[in-house]
Amino acid sequence: MNRILIYGLICVFGVINLIGGTIELEKKDYIKLLVSSYVNGFKTFDTTVNSFEDDVSVSIYYSEKDSEKEVDKLVRRFEFQVPKLLSRYEWAKNVNVRVAKTFEK
């Protein structure tokens, strides 16, 4: 899924570049793209990703029908895996990662 998204974006940017337009992405855009492509692969819970220059925030939403134990497992997984994912890129090694769970009625 991640590769398909990345290849799709490359194709879109390539077509736009051929047409003559330019697109500039900021560091926070790259961070959001990377983290979102990983986080959104987990379909169990709704998630959102917000990014800034040196911070990324992942929110996991759950309700009373969901197991809080499962939510906590996913929080720990994201707290471990997202920094590991970002550490592959020199420009993203010092990005702070925050993961939060939010109860929705």
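Each reported figure results from applying straightforward, stated rules to the coordinates on display, with no laboratory input. Computed from a predicted structure; not experimentally measured. Every residue, glycine as well, gets a Cβ built from its backbone with ideal geometry; the counts of neighbours run over all protein chains shown.
With contacts taken as Cα pairs under 8 Å and at least 6 residues apart, the chain reaches a relative contact order of 26 percent. Helix 68-86 and the longest principal axis of the Cα set of the chain meet at an angle near 30°. Working ranking of peptides 33-41, 76-84, 6-14 by packing, defined as the average number of other Cβ atoms within 10 Å per residue, highest first, is 33-41, 76-84, 6-14.
Length gained on full extension, residue 105 to residue 76: 8.2 nm, using 0.36 nm per residue less the C-alpha separation. When each of the peptides 88-100, 51-63 is scored by the mean number of other C-beta atoms lying within 10 Å of its residues, the order from highest to lowest reads 51-63, 88-100. D by Stokes-Einstein for segment 41-86, Kirkwood Rh over Cα pairs, 4 °C, 1.567 mPa s: 112 µm²/s. Measuring between alpha carbons in the structure, the pairs from 65/105; 32/69; 32/93; 73/101; 43/73; 43/101 lying more than 20 angstrom apart are 32/69. If you bin all the Cα-Cα distances of the chain at 10 Å, starting from zero, the percentages per bin are 14, 40, 30, 13, 3, 0.
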